[in-house]
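The values are calculated or read from the model by the stated rules, or taken from the named source; none is laboratory data. Predicted, not measured: the structure shown is a model, and the values here were computed from it. Positions of Cβ are generated from backbone atoms using ideal geometry, with glycine treated the same way; all protein chains shown enter the neighbour counts. We work out accessible area using only protein heavy atoms, side chains counted, and drop any ligands, DNA or RNA first. Shrake-Rupley method; radii C 1.70, N 1.55, O 1.52, S 1.80 Å.
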Amino acid sequence: MNNIAILCSGGDVSGMNPAIKHFVEYSLQKGLTPYFIYDGYEGLIDGSIKKASYQDVAGIITRGGTIIGSARSQRFKDASYRKQAKDNLDKYNIDKLVILGGDGSFKGMDIFYKEHATAFCGIPSTIDNDINKTNYCLGVDTALNVIKNAIDSIRDTASSFKRAFVIETMGRECGYLALASYLTSGAEMCLIPEIPYNLQAFEQSFIGQIQNGRRYFIAIVAEGVKQDSQEIAKWFEETIGIESRVSILGHIQRGGNPSVYDRLMAYKFITYAIDGLLQNKQESVVCFNESGFNYESIEEVVKPYKLDEKLLSCLMENQNVQA
Ligand code: F6P
């Protein structure tokens, strides 16, 4: 069969649309007929499937989000709905799938493969950058640039007003976005779930810095940190003695015009995914690390993700962390 489909599952990322565009173009180039599955596994179950053409993807490369929608599906955990999904694929003679999503989405697809033998290739797509075996997930660079712009703007107002700002980034249980933003924005503090911290360890230094003329502080806090951002702001006010504000960046981190890097990575991820399926790889995920692009098994990809040790040690050294 020559029919191949793409779907997005889980949190959308900026970079999905460039991936969808290249999916259509590269499939056609390779003699395959491309299909869209709308709204993730929900659409697969409900049969929201449509043949795709060049016209569908014209002009989408600049847009964040995904023109085919995404969803987190509870129903796909149920075998009877997965059977319904398989029947829908059969109606369109689709036997190859490209899945843009996170490890949970790949796990679901792996169960589907074991039951129904539909070949698939995953492309790690989450701003959290928390997938094992890949150093990069689609959407991360755009999210980091959104965060960078936000921090740069906040610095302007923080310095004008002599204030501390606690800036909360997304990432679920993973501190990657917070850590990479800290290392690239000149912030004074970074708290992430991977490293235990003790606010007391900052007190002497921060109070001393104010006495020496420091006008403001920028603290970046990952959403997975147990202590909430308001409590950290209170600590700045009550213990450090500086007026403070909280800025929760929230879902703006997921949107926006895809960066050049994400457009390029989307292009490469899709090329590898389709090539892999054409080489008869049945259940794999395209990963990107020191050795370049490679295909990893689901077993490896779903293992717990660990933040880069070198980045972690930079943070620990900079902050002289004492748990
Ligand atoms: O996984 C991506 C992510 O943006 C996380 O960083 C965040 O915790 C979560 O999704 C938010 O989910 P929702 O869009 O369902 O609120």
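At a glance:
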read-out	value
Computed [θ] at 222 nm, helices only, for the chain once each DSSP H run of length n ≥ 4 contributes -39500 (n - 2.57)	-13000 deg cm²/dmol
Tensor-based shape of the range 142-254 (alpha-carbon gyration tensor, a/c under 1.5 rounded, otherwise prolate or oblate)	oblate
The chain - share of DSSP beta bridges that are antiparallel (%, nearest 5)	20 percent
Heavy-atom accessible surface of the chain: percent carbon and sulfur, 1.4 Å	48 percent
Reciprocal of mean inverse Cα separation for the range 46-105 (Kirkwood radius, Å)	13.8 Å
Cut-off under 5 Å, modelled amide H: who pairs with F120 long-range	L97, E283, S284
Exceeding the 20 Å Cα-Cα cut-off - candidates K133/K306; K133/K281; K77/K107; K77/K306	K77/K306
Between 0 and 90°, nearest 10: helix 309-319 axis offset from the chain longest Cα axis	20 degrees
Charge dipole (the chain, unit charges on Cβ, about Cα centre) - positive-most of G256, N88, A58	A58
Size of electric dipole in the range 142-254: Cβ of Lys, Arg +1 and of Asp, Glu -1, about Cα centre, debye, nearest 20	300 debye
Cα-based Rg and Dmax for the range 84-219, where Dmax is the largest Cα-Cα distance (Å)	21.7, 72
Hydrodynamic radius by Kirkwood, which averages 1/r over all alpha carbon pairs of the chain, in angstrom	20.9 Å
Net +/- balance of residues flanking D308 in space, Cβ distance below 12 Å, scoring K and R +1, D and E -1	-2
Net charge of neighbours whose Cβ lies under 13 Å from the Cβ of S73, counting Lys and Arg as +1 and Asp and Glu as -1	+1
Residue-normalised accessible area of the range 9-63, given per residue in Å² at a 1.4 Å probe	36 Å²
Hydrodynamic radius of the range 200-323 per Kirkwood, over alpha carbon pairs, in Å	19.0 Å
Highest-first arrangement of 21-31, 245-255, 116-126, where packing means the average Cβ count within 10 Å	116-126, 21-31, 245-255
Residue-normalised accessible area of the range 165-323, given per residue in Å² at a 1.4 Å probe	50 Å²
Anisotropy class of the range 25-135 from Cα gyration tensor, a/c 1.5 cut	oblate
